[in-house]
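Heads up: the structure comes next, in structure tokens.
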Amino acid sequence: MSTSIWQRENAEAVVAEARSLLAKQLPLTSRRRFLARGLTLGGLGLLSGCRIDDSATAEAALMRISRFNDQVQGWLFSSSRLAPTYPDSMITRPFPFNAFYGEDKVPHVDATSFLLEVTGLVSDKRRWRLQELRALPQYTQVTRHICVEGWSAIGKWGGPRFGDFLRAVGADLSARYVGFQCADDYYTSIDMATALHPQTLLALDWDGRPLPPKYGFPMKLRMPTKLGYKNPKHIHAIFVSNTFNRGYWEDQGYNWFGGS
């Protein structure tokens, strides 16, 4: 099957599933509101009564659509809905490198001196060494990484469930957001429901060995329920908060929720 046909069929399947989920999971009033608001700049323009042919208004309109997108994806998200898993035979080798810089710019972190900073709404703010993270129960998953650029690859990731880590540090699990700062100056934030999803891992390993630098050493957050840009690498600080924070790509117009 050609790539274009595969992508088209996948896109059609995603749309069909989204429609089904919308019909089954959203309350009737929410579905009506979703349909009434429209999903295009034209629809938004009609509803708001404003012109959208100038850049400032268009930008504001796009941001309104993006935030509404976030709300809809949050409504549809469920901890009981799992991303597909695959056998080892389907792992993509070599797994592609992807970042906002070239591979020659990958940061190299000293494992012996590394300390993970934890702040915000947590009771235990001590810093964590890698061996302490490895002492938590470890899980392995083979899942698909889906890039917003249109490609995907299957990888094998291992590490503690992020929810287990949050409980270990006494995080306020009723808080709304978890944010990340990375050694390569990347930053992003996610909703608490995704943080607690059983497939969200604080990945320390790739394909049965410590995470190589190009894939995010010393750790990356692996979320098969999110698009690739929401999976931060080279994490060195985590904070729990009720204050909304965006992210590196989100500040440039990408959708914040980033569900796959």
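The values are calculated or read from the model by the stated rules, or taken from the named source; none is laboratory data. Bear in mind that the values here come from a model prediction, so they are computed numbers and not experimental data. As a convention, Cβ positions derive from the backbone with ideal geometry for all residues, glycine included, and neighbour counts pool all protein chains shown.
Any residue at all in segment 157-166 that's in a strand (DSSP E or B) and among the basic types (Lys, Arg)?
Yes, segment 157-166 contains at least one residue that is in a strand (DSSP E or B) and among the basic types (Lys, Arg).
Within segment 165-190, take every residue that is without any contact (Cβ under 8 Å) to a residue 60 or more places away in the chain and among the aromatic types (Phe, Trp, Tyr) and give me the one that is nearest to Asp88 (Cα to Cα).
Selected residue: Phe165.
Any residue in segment 125-149 that's farther than 28 Å from Gly228 by Cβ: show its pairings with residues that are part of a strand (DSSP E or B) and among the polar types (S, T, N, Q) at Cβ separation under 9 Å, as long as the two are six or more apart or on different chains.
Lys125/Thr119
Across segment 151-176, what is the total count of residues that are surrounded by fewer than 20 Cβ atoms within 10 Å (Cβ to Cβ) and either aromatic (Phe, Trp, Tyr) or not assigned by TED's automatic domain parsing to the domain that holds Pro107 (or both)?
1
Give just the number: which of (1) touching a Phe, Trp or Tyr at 6+ places or on another chain (Cβ under 6 Å); (2) surrounded by fewer than 18 Cβ atoms within 10 Å (Cβ to Cβ) does Thr140 not satisfy?
(1)
Which of the residues that make up segment 191-232 are hydrophobic (A, V, I, L, M, F, W, C), touching a residue at least 60 places away in the same chain (Cβ under 8 Å) and outside any loop (DSSP other than H, G, I, E, B)?
Ala193, Leu201, Leu202, Trp206
Given Gly253, Gly258, Gly208, Gly247, which one is surrounded by fewer than 20 Cβ atoms within 10 Å (Cβ to Cβ) and more than 18 Å from Leu130 (Cβ to Cβ)?
Exactly one residue qualifies, and that residue is Gly253.
Can you tell which of Gly208, Gly228 is within 26 Å of Pro84 (Cα to Cα), in the same structural domain as Pro94 (by TED's automatic domain parsing), more than 16 Å from the chain's Cα centre (by Cα) and of a type in the set (Gly, Ala, Ser)?
Sole residue among the options that is within 26 Å of Pro84 (Cα to Cα), in the same structural domain as Pro94 (by TED's automatic domain parsing), more than 16 Å from the chain's Cα centre (by Cα) and of a type in the set (Gly, Ala, Ser): Gly208.
If I ask for residues that are surrounded by fewer than 17 Cβ atoms within 10 Å (Cβ to Cβ) and among the hydrophobic types (A, V, I, L, M, F, W, C), which ones from segment 115-135 would you list?
The answer is Leu115, Ala135.
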